[in-house]
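The values are calculated or read from the model by the stated rules, or taken from the named source; none is laboratory data. Just so we're clear, the structure is a prediction, and the values are computed from it rather than from any experiment. Note: ideal-geometry Cβ built from the backbone for every residue, glycine included; neighbour counts use all protein chains shown. Side chains are part of the model used for accessible areas, which takes the heavy atoms of the whole protein and leaves out ligands, DNA and RNA. Shrake-Rupley method; radii C 1.70, N 1.55, O 1.52, S 1.80 Å.
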Amino acid sequence: MLNTENIKTELVIIGGSAGSLKVILEMIKKLNDKISVPVLLVLHRKAHSTNILQALLQQLSPLDVVEIDDKTEIENNKIYITPADYHVLFEDKKIMSLDSSEKMNYSRPSIDVTFKSAAEIYGENLVGVLLSGANADGVEGLSYIKKNRGRVWIQDPETAEVDYMPRHALEAVKYDKIVKPENLSEYINQL
């Protein structure tokens with residue numbers, strides 16, 4: 001296994017679907033108020049869902065929680081959430097843009113789309129995390145992260161409310177860590 005301890009992490013992307021919100025809510029409470037990386041959450045949401053997710057996460061988080069707009073600048077020490085019905089793409093290491101092209105894996109936002117875009121920009125400086133979910137979105141993106149020398153963390157399927165997504169990822173992708181939900185914030189705090 002590749003030694004990744006001396007590689008600087010510049011971005012963490014966490015993707016999830018059914019059953020992942022509980023993990024996110026627990027993780028966000030335990031993050032340090034001064035983490036050295038931005039964290040992007042790509043969660044499957046209904047197309048016209050309200051903006052309550054940002055308010056909920058902000059109540060629990062010691063960090064600023066920002067719902068992404070087109071051309072949002074990326075800053076350390078912030079949590080970004082993908083808006084409903086948009087894919088997030090990376091123009092470079094400083095700017096994220098929104099895209100409303102077709103759904104991937106029946107999803108927009110698609111975890112795969114964002115993982116792939118970030119992998120091309122961040123390479124080995126990216127950590128991709130896949131949580132609970134009921135479809136295969138994110139698995140192909142994790143493979144792409146690995147191909148670009150990034151790190152892959154997958155939720156332990158035994159702890160997932162809906163285990164299809166993490167189980168499929170474990171079978172298909174070379175990974176660096178199997179993560180139990182209670183340890184996710186600790187791993188991010190250590191980056």
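Below is a table of values for the structure above.
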| quantity | calculated |
| --- | --- |
| Segment 102-121: number of residues that are among the hydrophobic types (A, V, I, L, M, F, W, C) and open to solvent by 50 Å² or more (accessible area, probe 1.4 Å) | 2 |
| Matching helices (runs of 4 or more DSSP H) fully within segment 75-191 where at least 1 residues are of a type in the set (Lys, Arg) and at pLDDT 95 or above | 111-122, 139-147, 164-172 |
| Residues located in segment 92-101, provided they are more than 25 Å from ARG149 (Cβ to Cβ) and open to solvent by 50 Å² or more (accessible area, probe 1.4 Å) | SER100, SER101 |
| Lone unmet requirement of (1) more than 13 Å from LYS146 (Cβ to Cβ); (2) out of contact with any Phe, Trp or Tyr (no Cβ under 7 Å at 6 or more places or on another chain) for ALA134 | (2) |
| Cβ pairs under 9 Å, 6+ apart, first in segment 74-87 and closer than 19 Å to ARG108 by Cα and aromatic (Phe, Trp, Tyr), second in a loop (DSSP other than H, G, I, E, B) and open to solvent by 10 Å² or more (accessible area, probe 1.4 Å) | TYR80/ILE74; TYR86/ASP70; TYR86/SER100; TYR86/ARG108 |
